[in-house]
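J.: Structure provided below as structure tokens; questions to follow.
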Amino acid sequence: MVQKVTENNKSPLTFALLGCGMAANIHADAIQEIEGATLKGVFDPNVISRESFSKKYNITIYSSFEELLNDANIDVVCVCTPSFLHAEHTIAALKSGKHVVVEKPMAMSSADADKIIKASQDTGKLVTVISQIRFSPDVQKIKDLLKENAFGTVSLCSLSMNYYRTPEYYSSSNWRGSMTLDGGVLMNQGIHGIDLIEYIMGPVKEVKGKTGTIVHNIEAPDTAVAVIEFECGVLGIIEASTCAYPGFSRRIKIQGDKGYVVLKENNIEKLMINGEKIIDKVQSEQIVKTAKDPTKILCGLHRLQIENFVRAINAKEPLLVDGVEGRKALTVIEKIYNIT
Ligand SMILES: NC(=O)c1ccc[n+]([C@@H]2O[C@H](COP(=O)([O-])OP(=O)(O)OC[C@H]3O[C@@H](n4cnc5c(N)ncnc54)[C@H](O)[C@@H]3O)[C@@H](O)[C@H]2O)c1
């Protein structure tokens, strides 16, 4: 285990991971880079996975979730389990006195998200919902440009996520592609883009959509489209799929009467302000690795979000993505899925 000393000589917060699959590696890599955080242990029912994970990060193995929760030395639990377990695990960790970093989606329904928000209020323990792309410097830049009216009057904000997942991606897992355990294209992959358009453009007034299971042999939708109206009057279109071979980058396009911006995955691809092209990365479409392979996600933006969480726990800055923020995308997805 790496020994760390913080700026103000306070002991770093100690973290434990619940689940040690793909997302847990991103969390562990991020925590290792944070001065105010130390990774101490992991629990996963898969004995082989947890043993190799504990060796990789040189951390303790807990033999059960209860043992992890009973370790008084743990301050923060990262919930990196399959999506359908997030609400149950987050609430149990909050009630045992831990702060919680929970992967997206925070729950499979806004009703369960409300239970997490209440548990956080009742216990006084903080929860942050991973929405790491909000922490991209280019996303912050777009928010600043909108505040300055750099694009003039904005009429459109649209999301296009033409991803590809292989049949093996679904068949190799006992939860991916299930409606109740995974939630399909919007609940799993599309939630980042939906979170971002609402984060950038403000509250959603109305959204209407249609979904289909068109290519993959799964229960949940693999494709969705929607029309969206934001409270500020801006309109937009959402298209999302995991069937678009070979997999293209997610794009968010915001257009006004004086300019536009295109966010490609986490970075600005095109920017025009007052008719002047500031950024124009016109390239043949290079397949962004994460558009077809989710294991290629790097830990930098998770690090920024977990750093904010550590500083919020230490009362050094406000918490940027709490449960109320994490819940917002869920309500939009429920409307597109026609779940009320
Ligand atoms: N923010 C992102 O960009 C991002 C990226 C990948 C995954 N995720 C999210 O992270 C979550 C996990 O995804 P993943 O790809 O790591 O899945 P995964 O299947 O690779 O890993 C899940 C792990 O949880 C373990 N697990 C199952 N039941 C458990 C239990 N009761 N207690 C403890 N561990 C348990 C499994 O054994 C497995 O090791 C999902 O909700 C997914 O949406 C987010």
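The values are calculated or read from the model by the stated rules, or taken from the named source; none is laboratory data. Nothing here was measured: the structure is a model prediction, and the numbers come from that model. Heads up, the Cβs are rebuilt from the backbone with ideal geometry, glycines too, and the neighbour counts pull from every protein chain shown.
J.: Out of everything in the range 87-119 that is under 19 Å from the mean Cα position of the chain (by Cα) and of a type in the set (S, T, N, Q), what residue ends up being farthest from the ligand (Cβ to nearest atom)?
T.: My answer is S110.
J.: Quick check, is F15 modelled with pLDDT of 95 or more and within 11 Å of the ligand (Cβ to nearest atom)? Talk me through it step by step, then tell me what you get.
T.: On the way: modelled with pLDDT of 95 or more: yes; within 11 Å of the ligand (Cβ to nearest atom): no.
In short, no.
J.: Would you point out the residue of the range 171-194, among those that are more than 11 Å from the ligand (Cβ to nearest atom) and surrounded by fewer than 20 Cβ atoms within 10 Å (Cβ to Cβ), that is farthest from S110 (Cα to Cα)?
T.: S171
J.: Among the residues of the range 122-142, write down those that are within 16 Å of the chain's Cα centre (by Cα) and either hydroxyl-bearing (S, T, Y) or in a loop (DSSP other than H, G, I, E, B) (or both).
T.: T128, I130, S131, S136
J.: Find the residue count for the range 73-86, including only residues that are of a type in the set (S, T, N, Q) and within 14 Å of the ligand (Cβ to nearest atom). Don't jump to the end; show me each part of the working.
T.: Pass one, the range 73-86, residues of a type in the set (S, T, N, Q): 73, 81, 83.
Next, only the ones that are within 14 Å of the ligand (Cβ to nearest atom) stay: 81, 83.
Looking only at that region, the number is 2.
J.: Among the candidates I142, I130, single out the residue that is in contact with an Asp or Glu (Cβ under 6 Å, 6 or more places away or on another chain) and of a type in the set (A, V, I, L, M, F, W, C). Please lay out each step first, then the result.
T.: On the way: I142 fails: in contact with an Asp or Glu (Cβ under 6 Å, 6 or more places away or on another chain).
Exactly one of I142, I130 is in contact with an Asp or Glu (Cβ under 6 Å, 6 or more places away or on another chain) and of a type in the set (A, V, I, L, M, F, W, C), namely I130.
J.: Within the range 286-299, is even one residue more than 18 Å from the chain's Cα centre (by Cα) and either surrounded by 15 or more Cβ atoms within 10 Å (Cβ to Cβ) or at pLDDT below 95 (or both)? Please lay out each step first, then the result.
T.: Applying the first criterion (more than 18 Å from the chain's Cα centre (by Cα)) to the range 286-299 yields 286-287.
Pick out the ones that are also either surrounded by 15 or more Cβ atoms within 10 Å (Cβ to Cβ) or at pLDDT below 95 (or both) and you get 286-287.
For the range 286-299, residues more than 18 Å from the chain's Cα centre (by Cα) and either surrounded by 15 or more Cβ atoms within 10 Å (Cβ to Cβ) or at pLDDT below 95 (or both): present.
J.: Inspect all residues belonging to the range 62-75 and state whether any of them is closer than 21 Å to S131 by Cβ, in contact with a Ser or Thr (Cβ under 6 Å, 6 or more places away or on another chain) and not in a strand (DSSP E or B).
T.: Of the range 62-75, the ones closer than 21 Å to S131 by Cβ are none.
No, that holds for no residue.
J.: Hey, can you tell me all the residues within the range 76-91 that are under 20 Å from I306 (Cα atoms) and part of a helix (DSSP H, G or I)? Give the steps one after another, and end with the answer.
T.: Going through the range 76-91, the residues under 20 Å from I306 (Cα atoms) turn out to be 76-83, 86-87, 89-91.
S83, H86, A87, H89, T90, I91, listed by residue number.
J.: If we keep just the residues of the range 195-212 that are within 16 Å of the ligand (Cβ to nearest atom) and crowded, with 20+ Cβ neighbours inside 10 Å, which is nearest to E265 (Cα to Cα)? Explain how you work it out, then say what you get.
T.: Initially, the range 195-212 is screened for residues within 16 Å of the ligand (Cβ to nearest atom), giving 195-196, 199.
Then keep just the ones that are crowded, with 20+ Cβ neighbours inside 10 Å; that gives 195-196.
Values: D195: 13, L196: 11 Å.
Result: L196.
J.: Another question, then. Those residues that are of a type in the set (F, W, Y) and either without any contact (Cβ under 8 Å) to a residue 60 or more places away in the chain or in a loop (DSSP other than H, G, I, E, B) (or both), I need them from the range 143-168; list them, please. Before you say what the answer is, go through the steps one by one.
T.: Of the residues in the range 143-168, the ones of a type in the set (F, W, Y) are 151, 163-164.
F151, Y163, listed by residue number.
J.: Restricting attention to the range 130-144, which residues are buried (at least 20 other Cβ atoms within 10 Å of the Cβ) and either farther than 14 Å from L263 by Cα or more than 16 Å from the ligand (Cβ to nearest atom) (or both)?
T.: Residues satisfying the conditions are I130, S131, Q132, I142.
J.: Okay, next question. Return yes or no: is V215 more than 16 Å from the ligand (Cβ to nearest atom), free of Cβ contacts under 8 Å to residues at least 60 places away in the same chain and surrounded by fewer than 24 Cβ atoms within 10 Å (Cβ to Cβ)?
T.: For V215, the condition - more than 16 Å from the ligand (Cβ to nearest atom), free of Cβ contacts under 8 Å to residues at least 60 places away in the same chain and surrounded by fewer than 24 Cβ atoms within 10 Å (Cβ to Cβ) - is met.
J.: Go through the range 61-82 and give me each residue that's in contact (Cβ under 8 Å) with a residue 40 or more places away in the chain, surrounded by fewer than 23 Cβ atoms within 10 Å (Cβ to Cβ) and in contact with a helix residue (DSSP H, G or I) (Cβ under 9 Å, 6 or more places away or on another chain).
T.: Our first condition is that a residue be in contact (Cβ under 8 Å) with a residue 40 or more places away in the chain; within the range 61-82, this holds for 62, 65, 68, 71, 73-82.
From what is left, the residues that are surrounded by fewer than 23 Cβ atoms within 10 Å (Cβ to Cβ) are 65, 71, 73-75, 82.
Within the range 61-82, F65, I74, D75 qualify.
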